[in-house]
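Only the coordinates and a few stated rules stand behind these numbers; no lab work does. Nothing here was measured: the structure is a model prediction, and the numbers come from that model. Here the Cβ is made from the backbone with ideal geometry for all residues, glycine too, and neighbour counts use every protein chain on show.
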Amino acid sequence: MRSGNGPWGISTRKSSMPKSHVEELMKVWLCLLKDATVAFPALRDEFDKDIVRLTSTVRQRGIGVFLTDLPAICKHLDGCLARGEYSASGLPLTKMVSKAIQIPKFLRGMYLLIFDSTGCLKGDADHEAVFFLRQILNFGKKVSLQCPQGAVVSEVADFASVDRALPPLYKEYWQASTITDAERAYATRSFRVAYASLYQNGGEVPRTIRGHDMTLLGIVDAVSAILTSTLGSYDPSEWKCKHGPGAVSDVKGPTNKYCWTNWSPKLDSVFPIADYGFHSWQSWARNSDLPVAEDEPYSRLIAVRKTFSKPRLIAAEPREHQWCQQNCWDYFCNRVGQTWISRFISFRDQSLNQQLCLKGSLDGSLLTMDLSSASDRLTPGVVGAFFRHNPCLVDALRATRTRFLRQDICEDIPSEIELRKFSTMGSAVTFPVQSLVFLGLSISAALFSAGQAPTVENIKSLEGRVAVFGDDIIAPVECRQVLQSLLEGLSFKVNTAKTYSEGNFRESCGVDAFRGECVTPIYWKGELGTNSNAIASTVECANNFYSKFLLHTRAYVASTVRRDIPYVSARSSVPGLQSRVAFALDLPMRYNHNLQREEVRHAACCSSSRRTVTEDDTSLFQFFTEEPSPLTKWSHGVTKRPDEKVRVRWTAISELLME
């Protein structure tokens, strides 16, 4: 074999990625094809031809075939399933068989189990073929590789461009340190009044809203009032401040988050530092001589891995904002869980959306809608109008809102940005606020389309037909156009490529559904290495393949980890490779006379964290905040990064074989 070529003669020169990644991806893909052959033995000869086609394409295009080309083909396939007809895409590996057979040559055996020769979706389309086809195409979509710097820069440029395109802020309220009642009243005008004002002042009202003659906005006002009153009034003293697990913007690395270096007047107007920044007034008085600045803080933009072609942008919040945002989060989470709103939304559970996604794919009664950069398009004006009947809550959201952002990723974008959006990903209030806003808009569109009045009874009647989790929306199909018009009129952008209201394919909250069956693929993260994180990720991936009975793929993935990782039963609490028939009895064993049990020696991924003890009274503040159990060994101080290691230990065989 010539230098530069991997197994099967695959060249790795087209990619800057290590040769091993291309080889690993090809091996996993071949194993998936073996599993497909078990399910469809009549297609063995077709699969042999597909191997030749893919090998040739990978030799020419490199690793991008697995990371971008095949997922793009799958995305096009999803649209065809929704439309009920296959259409040409022009993507690599999608050349048609012939004029008479309008489906791709590549993987045509499985395509013909789903579509007929003319491209029409079959009435008895094989849902297992849909699953295997999507699995083979999509398995490498989320490979854990750093995306190119150009993609990161492009994403930051889009981030800034989206923000500049949003309506200008009412700065007298959202940007000011102190406010008046008149300024609050103006900033929390109803949707209908705000857009009527645009009419009177000659402003440009969005065409989508103008087309409904403002009636729809009247329903939005009524629905938002009902939801806000159901949540109840907000008093910050009733809810708990705490620190989140994420990074903070004012320092990199571990730091004592309970020691304040800044507390702006805007934040102090709702969360006085004496009441919310210390565990007692005595502590506040004792530390009053410490230098606490009153500057307007900045968030810090960070790019983290998402897919090879696109990173995820998150803003690290200032520590004092993060602390008080958790107070609002505590209010949202508890009040939603205590009311009938929990029938439509849950901040910690995606199962409602997933169940309705399957239902919508079966009977076609429900749509799944996805939004592009939803949190980046949520404006303070929408937030103020939606929660206008709870002015204390709006004041708290204003006080904890970080209006400046710093970035050092893209040189063509200013390093300091004054944000027009309400908040970024990274703020603790972004997720609950956008979820409630999208719920209100979805309910309003459903009521408007059905000609129903916005009453509590009519809203409750939508249970099982409307659900929201973040920016994943499920609603009745008949309100598709109204809901899209409403969202676009309020500066949001519907991702039409991932919005499904026709046919029998739906996608929501990690579930891909076709005619009532789950066809969600397993993603191979491809984290190679012997460190704890790589082993844990590989074991989890192997177990996921096993849960789908992809046994050849599971066997190969499991073979890439060290041999002393045990096989365990599915119900075992011991981390390991799940199995129904094979267990870790080939590993070293002993009888523990002290504990009167048989044990097996195996490797386990362990995570431990240490704390550097602090010498001031923030330790008492930390104790009151974290409220450790008296049965827990607890220590105060600054938490260091978790120490991830692979350790060898002895475990009772009964724990591995637990049924």
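Among the listed options (1) 20, 52, 24, 4, 0; (2) 16, 44, 35, 6, 0; (3) 17, 52, 28, 2, 0, the one matching P(r) over Cα pairs in 20 Å bins from 0, in percent as calculated from these coordinates is (2).
Highest average first, the peptides 337-344, 651-658 ordered by how many other beta carbon atoms sit within 10 Å of their residues are 651-658, 337-344.
Stretching ASP126 away from LYS171 to a fully extended chain increases their span by 10.5 nm, per 0.36 nm per residue minus the current alpha-carbon distance.
In debye to the nearest 20, how big a dipole does segment 7-139 give about its Cα centre with +1 on each Lys and Arg Cβ and -1 on each Asp and Glu Cβ?
620 debye
With each label modelled as a point 7 angstrom along the Cα→C-beta vector, the ALA42-TYR186 pair spans 7.3 nm. For segment 601-659, the set of trypsin sites (Lys or Arg not before Pro) satisfying both a DSSP loop assignment and a count of at most 16 other C-beta atoms within 10 Å is given as ARG610, LYS633, LYS640.
Between SER117 and ARG597, the distance separating the two model label sites (each 7 Å from Cα on the Cα→Cβ line) works out to 6.4 nm. Going from the fewest other Cβ atoms within 10 Å to the most, the residues THR55, THR180 appear in the order THR180, THR55. P(r) tail for segment 7-139, what percent of Cα pairs lie past 27 Å? The share of Cα pairs beyond 27 Å in segment 7-139 comes to 16 percent.
A straight line joining the Cα centroids of segment 231-257 and segment 518-572 runs 36 Å. In plain terms, the residue of ILE114, ILE314, ILE459 with the fewest other Cβ atoms within 10 Å comes first and the most crowded comes last, giving ILE314, ILE114, ILE459.
Other residues lying with their Cβ under 10 Å from the Cβ of LEU166 contribute a combined charge of +2, Lys and Arg counting +1, Asp and Glu -1. A simple charge model with +1 on the Cβ of Lys and Arg, -1 on the Cβ of Asp and Glu and nothing else charged puts the dipole of segment 562-656 at about 560 debye relative to its Cα centre.
Placing +1 on the Cβ of every Lys and Arg and -1 on the Cβ of every Asp and Glu, with no other charges, gives the chain a dipole of roughly 2060 debye about its Cα centre.
Work through the residues other than ARG335 whose Cβ is under 12 Å from its Cβ and net out their charges, Lys, Arg +1 and Asp, Glu -1.
Counting the neighbours of ARG335, the net charge comes to -3.
Using the average count of surrounding beta-carbon atoms within 10 Å as a protection proxy, the listed peptides 588-598, 318-328, 32-42 rank, highest first, as 318-328, 32-42, 588-598.
Inter-label distance, GLU411 to CYS392: 5.2 nm, where each label sits 7 Å from its Cα along the C-beta direction. Classify segment 473-590 as rounded, prolate or oblate from the Cα gyration tensor: take a ≥ b ≥ c as the square roots of its eigenvalues, call it rounded if a/c is under 1.5, otherwise prolate when a/b beats b/c and oblate if not. In terms of gyration-tensor shape, prolate. Footprinting exposure proxy ranking of ARG312, ARG189, fewest other C-beta atoms within 10 angstrom first, gives ARG312, ARG189.
Applying both filters, DSSP loop and at most 13 other Cβ atoms within 10 Å, to the trypsin sites (Lys or Arg not before Pro) of segment 500-562 gives ARG562.
Estimated from the Cβ-Cβ distance and a Förster radius of 45 angstrom, the FRET efficiency linking LEU290 and CYS606 is about 0.70.
Listed by number, the DSSP H helices of the chain that run 15 Å or longer by alpha-carbon position along their axis and have mean Kyte hydropathy of at least 0.0 are 19-39, 70-83, 127-138, 149-164, 215-231, 430-450, 532-547.
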